[in-house]
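K.L.:
Right, I'll just put the structure down here and ask away after.
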Amino acid sequence: MNVKQQPPTWAVIIGSGFGAGFWPWGPGTAGALLATVIWFGLSLIPLGEWLQPVTIALILTFYAAGAQAANKLEPYWGKDPSRIVVDEMVGVWISLLAAPAGHLYYALTAFLLFRFFDIIKPLGVRRMEQLPGGKGVMMDDVLAGIYGLIVLCIIRCCVVFLCE
């Protein structure tokens, strides 16, 4: 009997962003939106100064787990498949580091900036995709998230400057 093996369940759960990657229309957007909702929910909890360390912990944890999950899933799903969206989750969380807690407009701006840079892939983002395995899956979105973080910081500085 020739039975095709299934990928590890934990890798499917993490890699697909708890199933967001199976969304048929724009799975990357679905993964980034889920991560934004998770962050916004956390931002409404009175964590005070703990929101950024919690966000950094999410980034580090999901980067490591996501890279391992991608390594496990690529033999089954192919190179950097659209169903793997944990990378989009990490990327948007990086952009959200510049968003103040509980501010929906900044959260949405971080989401839009991340998706913009993830889609157009400027200045080295596409090159990151060429890294091998899970590292390549994750790093292009990390860099897109960094670009979103920088632009959101600039926007916040301009808003503060104009409002003074």
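K.L.:
Looking at the stretch 14-36, which of its residues are open to solvent by less than 90 Å² (accessible area, probe 1.4 Å), part of a helix (DSSP H, G or I) and either free of Cβ contacts under 8 Å to residues at least 40 places away in the same chain or not aliphatic (A, V, I, L, M) (or both)?
P.N.:
Result: Gly15, Gly21, Pro27, Gly28, Thr29, Gly31, Thr36.
K.L.:
At least 1 residues that are open to solvent by less than 40 Å² (accessible area, probe 1.4 Å) and of a type in the set (D, E, K, R) in each: list the helices (runs of 4 or more DSSP H) lying fully within the stretch 58-164 that qualify.
P.N.:
The helices (runs of 4 or more DSSP H) meeting that bar are 86-96, 104-120, 133-163.
K.L.:
Identify all residues within the stretch 140-163 that are without any contact (Cβ under 8 Å) to a residue 60 or more places away in the chain, under 17 Å from Arg115 (Cβ atoms) and hydrophobic (A, V, I, L, M, F, W, C); write none if there are none. Working first, answer last.
P.N.:
Step one: list which residues in the stretch 140-163 are without any contact (Cβ under 8 Å) to a residue 60 or more places away in the chain, which gives 140-141, 143-163.
Cutting the leftovers down to under 17 Å from Arg115 (Cβ atoms) gives us 140-141, 143-152, 155.
Leu143, Ala144, Ile146, Leu149, Ile150, Val151, Leu152, Ile155, listed by residue number.
K.L.:
Within the stretch 41-51, how many residues turn out to be open to solvent by 50 Å² or more (accessible area, probe 1.4 Å) and assigned to a helix (DSSP H, G or I)?
P.N.:
Number of matching residues: 4.
The values are calculated or read from the model by the stated rules, or taken from the named source; none is laboratory data. This is a predicted model, so every value here is computed, not measured. Every residue, glycine among them, receives a Cβ derived from its backbone with ideal geometry; neighbour counts consider all protein chains shown. Heads up: the accessible areas ignore ligands, DNA and RNA and are worked out on the full protein's heavy atoms, side chains in. Shrake-Rupley method; radii C 1.70, N 1.55, O 1.52, S 1.80 Å.
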